[in-house]
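Below is one structure, written out as structure tokens, with a few remarks after it.
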Amino acid sequence: MKNKVIIQASANSFGNTHKIINFLNSDNSFDVIDLKTKNIGSFEYDFSNANDDFLPLMEHIIKNYDTIVFATPVYWYSMSGILKYFFDRMSDLLHFKKELGRKLRGKNMAMISNSGENDLKNGFEMPFVESAKYLGMNYLGNIHTWFNGEEIATEAKDKISAFRKLI
Ligand SMILES: Cc1cc2nc3c(=O)[nH]c(=O)nc-3n(C[C@H](O)[C@H](O)[C@H](O)COP(=O)(O)O)c2cc1C
């Protein structure tokens, strides 16, 4: 078990986000968790999804990792829906699992996004920066990556290599 984890948050387990993660993790220094394989429902005010995979997953993450890297495609100028569900469910930790939520304090967060082009819109990273602040986590930074056809663009590969050293 490593102490750094990448949370893969794509609708496609073997799509572009997966390619980016494989390049980032070429030295195998991260564990990878694919949210697509988890059953994580929406936030509900009555916590009616409390028995799905979210809480056991968070317990596992909090127990085992100090650095959490979110890897998301750009879907409609935002993080993927699967990742937004995950963030919404952090609210579970602020209510009936407060002790668990407090254990996020002092951990590190980073984010890597991807789309077809190098044209990330302003503000994409804001929910990550502010969520880290709210949860008492240290925000290590983020990069955007993109493709030339099926391949990760050369310039994006250089950014990923620098990002790997940062986190
Ligand atoms: C539902 C959906 C919405 C998308 N919205 C955007 C967008 O707003 N801006 C953009 O540049 N690309 C957008 N794309 C393209 C993806 O960001 C891009 O193809 C990404 O590399 C896909 O990663 P994946 O294979 O892990 O899903 C969208 C793709 C999908 C499927």
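The values are calculated or read from the model by the stated rules, or taken from the named source; none is laboratory data. As the structure is a prediction and not an experimental result, all values here were calculated from the model. Every residue, glycine among them, receives a Cβ derived from its backbone with ideal geometry; neighbour counts consider all protein chains shown. Side chains included, ligands, DNA and RNA excluded: accessible areas come from the protein's heavy atoms. Shrake-Rupley method; radii C 1.70, N 1.55, O 1.52, S 1.80 Å.
Quick grid of which residues meet (1) under 14 Å from the mean Cα position of the chain (by Cα); (2) open to solvent by 50 Å² or more (accessible area, probe 1.4 Å):
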| residue | (1), (2) |
| --- | --- |
| 101 | no, no |
| 141 | yes, no |
| 153 | no, no |
| 165 | no, yes |
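Please verify whether segment 72-95 includes one or more residues that are in contact with a Gly (Cβ under 7 Å, 6 or more places away or on another chain), open to solvent by 20 Å² or more (accessible area, probe 1.4 Å) and not hydroxyl-bearing (Ser, Thr, Tyr).
There is at least one residue in segment 72-95 that is in contact with a Gly (Cβ under 7 Å, 6 or more places away or on another chain), open to solvent by 20 Å² or more (accessible area, probe 1.4 Å) and not hydroxyl-bearing (Ser, Thr, Tyr).
Output the residue which, of all residues in segment 64-77 that are in contact with a helix residue (DSSP H, G or I) (Cβ under 7 Å, 6 or more places away or on another chain) and near the ligand (Cβ under 9 Å from one of its atoms), is farthest from residue 13 (Cα to Cα). Before the answer, list the steps.
Step one: filter segment 64-77 for residues in contact with a helix residue (DSSP H, G or I) (Cβ under 7 Å, 6 or more places away or on another chain), giving 68, 70-73, 75.
Those left that are additionally near the ligand (Cβ under 9 Å from one of its atoms): 71-73, 75.
On the way: 71: 12, 72: 11, 73: 12, 75: 15 Å.
Selected residue: 75.
Please determine whether any residue of segment 56-63 is under 22 Å from residue 167 (Cβ atoms) and within 16 Å of the ligand (Cβ to nearest atom). First the steps, then the outcome.
Pass one, segment 56-63, residues under 22 Å from residue 167 (Cβ atoms): 57-58, 60-63.
With within 16 Å of the ligand (Cβ to nearest atom) added as a condition, the list becomes none.
The answer is no, given that none of the residues of segment 56-63 is under 22 Å from residue 167 (Cβ atoms) and within 16 Å of the ligand (Cβ to nearest atom).
Tell me yes or no: at least one residue of segment 28-43 is of a type in the set (S, T, N, Q), under 23 Å from residue 159 (Cα atoms) and in a loop (DSSP other than H, G, I, E, B). Give the steps one after another, and end with the answer.
Going residue by residue through segment 28-43, those that are of a type in the set (S, T, N, Q) are 28-29, 37, 39, 42.
Filter once more, keeping what is under 23 Å from residue 159 (Cα atoms): 28-29.
Now narrow it down to the ones that are in a loop (DSSP other than H, G, I, E, B): 28-29.
Yes, segment 28-43 contains at least one residue that is of a type in the set (S, T, N, Q), under 23 Å from residue 159 (Cα atoms) and in a loop (DSSP other than H, G, I, E, B).
If the Cβ limit is 6 Å and pairs must be 6+ apart or interchain, which residue in segment 88-112 that is charged (D, E, K, R) pairs with which residue that is outside any strand (DSSP E or B) and open to solvent by less than 70 Å² (accessible area, probe 1.4 Å)?
Qualifying pairs under 6 Å: 88/43; 89/43; 89/54; 103/62; 105/136; 107/137.
Would you mention how many residues in segment 8-54 are within 16 Å of the ligand (Cβ to nearest atom), within 23 Å of residue 76 (Cα to Cα) and among the aromatic types (Phe, Trp, Tyr)?
1
Counting only residues that are within 16 Å of the ligand (Cβ to nearest atom), under 22 Å from residue 40 (Cα atoms) and outside any helix (DSSP H, G or I), how many does segment 91-150 have?
The initial filter retains those residues of segment 91-150 that are within 16 Å of the ligand (Cβ to nearest atom), namely 111-127, 142-150.
Next, only the ones that are under 22 Å from residue 40 (Cα atoms) stay: 111-113, 127.
Filter once more, keeping what is outside any helix (DSSP H, G or I): 111-113.
So the count comes out to 3.
Before we move on, is residue 125 closer than 21 Å to residue 66 by Cα and not aliphatic (A, V, I, L, M)? Let's see the steps before the verdict.
On the way: closer than 21 Å to residue 66 by Cα: yes; not aliphatic (A, V, I, L, M): yes.
Judged against the criteria, residue 125 is a match.
Which of the residues belonging to segment 30-59 are farther than 14 Å from residue 83 by Cβ, surrounded by 13 or more Cβ atoms within 10 Å (Cβ to Cβ) and without any contact (Cβ under 8 Å) to a residue 40 or more places away in the chain?
30, 31, 32, 44, 52, 53 - these are the residues of segment 30-59 that are farther than 14 Å from residue 83 by Cβ, surrounded by 13 or more Cβ atoms within 10 Å (Cβ to Cβ) and without any contact (Cβ under 8 Å) to a residue 40 or more places away in the chain.
Residues that are within 26 Å of residue 49 (Cα to Cα), of a type in the set (A, V, I, L, M, F, W, C) and either without any contact (Cβ under 8 Å) to a residue 60 or more places away in the chain or buried (at least 19 other Cβ atoms within 10 Å of the Cβ) (or both): does segment 116-129 have at least one? Outline the logic, then answer.
Taking segment 116-129 as the starting set, the residues that turn out to be within 26 Å of residue 49 (Cα to Cα) are 127-128.
Subset that is of a type in the set (A, V, I, L, M, F, W, C): 128.
From what's left, either without any contact (Cβ under 8 Å) to a residue 60 or more places away in the chain or buried (at least 19 other Cβ atoms within 10 Å of the Cβ) (or both): 128.
So far as segment 116-129 goes, yes, one or more of its residues are within 26 Å of residue 49 (Cα to Cα), of a type in the set (A, V, I, L, M, F, W, C) and either without any contact (Cβ under 8 Å) to a residue 60 or more places away in the chain or buried (at least 19 other Cβ atoms within 10 Å of the Cβ) (or both).
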